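One structure below.
The values are calculated or read from the model by the stated rules, or taken from the named source; none is laboratory data. These numbers come from a predicted model, not from an experiment. Positions of Cβ are generated from backbone atoms using ideal geometry, with glycine treated the same way; all protein chains shown enter the neighbour counts.
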Amino acid sequence: YSSKDLHGAEFIDSYVFNKAEYVRFNSTVGKYVGYTEHGVYNAKTWNKGSELVRELGELERFCKHNADIHYSAILDKTGEQG
């Protein structure tokens, strides 16, 4: 995200094996996307199950909640001396 209102916040959950990303969840897209044969298989399976429901809630539950907590501690103090 790039502003304090968190309007453009995006949650991305990437799965990597041997330094290659094979599946990714992106909250803007709203589903898993596979990048390899195994990743496509997992994405299809996960998009039908409870994994998708869990990931859809992470932006609100984890990201926005923690961003609000840490915003004033980190970003509001940028450039201050002392």
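Quick look at the numbers
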read-out	value
Scan of the stretch 14-51 for residues that are surrounded by 12 or more Cβ atoms within 10 Å (Cβ to Cβ) and either of a type in the set (Val, Ile, Thr) or at pLDDT below 90 (or both), ordered by number	VAL23, SER27, VAL33, THR36, VAL40, THR45, GLU51
Enumeration of residues in the stretch 52-72 that are modelled with pLDDT of 70 or more and under 21 Å from ARG24 (Cα atoms)	LEU52, VAL53, ARG54, GLU55, LEU56, GLY57, GLU58, LEU59, GLU60, ARG61, PHE62, CYS63
Residues located in the stretch 17-48, provided they are in a strand (DSSP E or B) and over 23 Å from ARG61 (Cβ atoms)	PHE17, ALA20, GLU21, TYR22, GLY34
Among residues of the stretch 1-13, those that are outside any loop (DSSP other than H, G, I, E, B) and modelled with pLDDT under 70, counted	0
